[in-house]
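Before any comments, here is the structure.
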Amino acid sequence: MPLAGARRGPARLVGYPFTLGVAAGDPLRDSVVLWTRLAPAALSGGGMPDRPVDVRWEVAHDEAFSRVACRGSDVARPDLGHSVHVEPEGLEPGREYFYRFIAAGQASPTGRVKTAPAAPAALAFAFASCQQYEHGYYTAYRHMAQEDLDFVVHLGDYIYEYATNVYRAPGGNVRAHSGPEIITLEDYRNRYAQYKSDPDLQAAHAAFAWLVTWDDHEVDNNWADEVPEDGQPDEAFLRRRASAFQAFYEHMPLRRGAQPSGIDLRLYRRLAFGDLASFNVLDTRQYRSDQACGDGTDVGCEERLDPARTLTGDEQERWLLEGLGASRATWNVLAQQVFFAQRDFNADDTQRFSMDAWDGYKPNRDRILRFVQERNVANPIVLTGDVHNNWASDIKADFDDPASRTLGSEFVGTSITSGGNGSDSPNQAVLDENAHIKFNNAQRGYVRCALDRATWRTDYRVVPYVKRPGAPVQTRASFVVEAGDPGLKPA
Ligand SMILES: [Fe+2]
């Protein structure tokens, strides 16, 4: 007879286990990842017994689960924080499904997800980033959940690592991080749990599949490969990085193949939507050279021009170029973290660039742009987070020469909350100094994109405030790009 303590469920759990909601990710034509994590005491370590627990799952054609498409069971293990990553197969392309989990006799909330269409004529999605919990309410996600989308892309800063009130929005914070700056696996788990307890965020997850990547705050502000922002000795930082990666995996709808091994998590990947669009989801943190010239912004930094330095790492760069070269998609998307186009902050003859962005790794960007030109990569579109502002920019063969070829466009999305309420006040000096940058806005929200064979349309969806709930949403600006004719046009 097995020991009672070694026996797997059916578990008796103290409290409702699905406090963090459900999520789906990375839709393929016949499969999608389904996620949940059992955490009846979410904010204090999860509250689960230290043993595996059985979880059943169901995928149905209808919200009432009267026509079940497939079902199965999985095991939530303590060494993965009792998270579950299910990959049902044999689904039909381009269809809407409903899913839920059942554990200890209790059912999760119901999620909805669409599989990737086999040969889509059109797609709609939204992208978002930067959701500092203390800076405001996730009203933008409440609105996003009401949109008619095929999927959502998240470009990082899903959590922030700081202790309570260390990162203050202008005018002060309206919610509080629980606990100190996060370092250990348990710290990271509790922080994800706090963020994921938000009902608006849960609603946006339950409505669509998400394609997620990270930026810096999932680990530490402006970390680079094996180098932390400050303070920690290397060995401690590597332990911290491993804990951060594991907690990221445990809380995201990522395929099981993304499960980290020590300090490595392969996050960059490609998702195809027929030959309409190819999404290259990048990781510009894990493999990068440390920021040039001491990070920050810098004038006259020579180090940023060193071709041996890299933002993507050599392997990811090769993978990206191979993928772009082989692509037959109408739209070739880079879903990534940091500002791709050149952005000169100085109004005079000198140039001041952010060392954390692609400007700080110019040869890496030049190699990609050269490849795009030489191989005639169709319609490159770059999606960016990180800077807590909306921007729209053309991508030039030579950013210092406005007459040079326009190769593609970049849409930079604002934050969900980071930076607090924000305002509709563009940085006119930067717009004047950088002719290829066409739009800037400092409100909060997300970006909605709709594309077909002929046209890409981008709508900047903004909310007027985030420090109290209930803000309305409006479209602040819209741009189109016509396939085969690169460059932004007002919609
Ligand atoms: Fe951020």
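Basic side chains Lys and Arg get +1 at the Cβ, acidic Asp and Glu get -1 at the Cβ, and with that the dipole of region 332-423 about its Cα centre reaches some 340 debye.
Only beta bridges with both residues in the chain are counted; by DSSP, about 75 percent of them are antiparallel.
Expressed as a whole percentage, what fraction of the accessible surface of region 393-491 belongs to carbon and sulfur atoms when a 1.4 Å probe is rolled over the protein heavy atoms? With neighbouring chains kept in place, the figure for region 393-491 is 48 percent. On a 0 to 90° scale, report how tilted helix 314-326 is relative to the longest principal axis of the chain, with both axes built from alpha carbons and the result rounded to the nearest 10. Approximately 80 degrees, to the nearest 10. Note on Asp356: accessible area is roughly 10 Å² with a 1.4 Å probe, heavy atoms of protein only. When Rg and Dmax are taken over the Cα atoms of region 1-118, they come to 14.8, 50 Å.
Against the chain, whose longest principal axis comes from its Cα atoms, helix 185-196 is set at around 80 degrees. Within the same chain, lysines fewer than 8 places from Lys438 are excluded, and of the rest, those with a Cα less than 18 Å from its Cα are Lys396, Lys489. Axis angle, to the nearest 10 degrees, between helix 234-251 and the longest C-alpha principal axis of the chain: 70 degrees.
Using heavy atoms of the protein chains and a probe of 1.4 Å, the accessible area assigned to Lys467 is about 40 Å². Counting only protein heavy atoms and a probe of 1.4 Å, the accessible surface of region 1-118 is 49% carbon and sulfur. Residue ranking by accessible heavy-atom surface, 1.4 Å probe, largest first, among Cys70, Cys130 comes out as Cys70, Cys130. What the pair-distance distribution of the chain shows, using all Cα-Cα distances binned every 20 Å from zero, is 24, 59, 16, 1, 0 percent. Residues in region 346-379, backbone N under 18 Å from the label point at Arg405 (7 Å along the Cα-to-beta-carbon vector): list them, ranges by number please. Residues passing the 18 Å test: 365-379.
Would you mind working out the accessible area per residue for region 119-490, using a 1.4 Å probe, and quoting it in Å²? Numbers along the way, then the final one.
Working: 12680 Å² over 372 residues.
Accessible area per residue, region 119-490: 34 Å².
Using a probe of 1.4 angstrom, how much of the accessible area of region 179-303 is carbon and sulfur, in percent? Show your work: numbers first, answer last.
On the way: 1930 of 4080 Å².
Using a 1.4 Å probe with all protein chains present, region 179-303 comes out at 47 percent carbon and sulfur.
Note on Asp314 and Thr350: the extension gain reaches 9.9 nm, defined as 0.36 nm multiplied by sequence separation minus the Cα-Cα distance. What you get for the chain, charging only the Cβ of Lys and Arg (+1) and of Asp and Glu (-1), is a dipole of about 2040 debye around the Cα centre.
Where the centroid of each part is defined by its Cα atoms, how far is region 297-324 from region 72-97 in Å? Value for the Cα centre distance between the two parts: 36 Å.
For the set Glu134, Glu147, the ranking by accessible area, highest first and with no ligand, DNA or RNA atoms included, is Glu147, Glu134 under a 1.4 Å probe.
Hydrodynamic estimate: the Kirkwood radius of region 249-377 over Cα pairs, inserted into Stokes-Einstein at 20 °C and 1.002 mPa s, corresponds to D of 133 µm²/s. Unpaired cysteine residues in the chain (no second Cys Cβ under 4.7 Å): Cys70, Cys130, Cys449. Largest to smallest in accessible area, the residues His154, His388 fall in the order His388, His154 (1.4 Å probe, all protein chains included). Under 25 °C and 0.890 mPa s, how fast does region 161-224 diffuse according to Stokes-Einstein, given a Kirkwood radius computed over C-alpha pairs? Answer in µm²/s, whole number. Result for D is 183 µm²/s. When nucleic acids and ligands are ignored and a 1.4 Å probe is applied, Asp348 ends up with an accessible area of around 90 Å².
The values are calculated or read from the model by the stated rules, or taken from the named source; none is laboratory data. All values reported here derive from a predicted model rather than from experimental measurement. Counting neighbours? That spans all protein chains shown, and the Cβs are built from the backbone with ideal geometry, glycine included. Just so you know, the surface numbers come from the protein's heavy atoms only, side chains and all, with ligands and any DNA or RNA stripped out. Shrake-Rupley method; radii C 1.70, N 1.55, O 1.52, S 1.80 Å.
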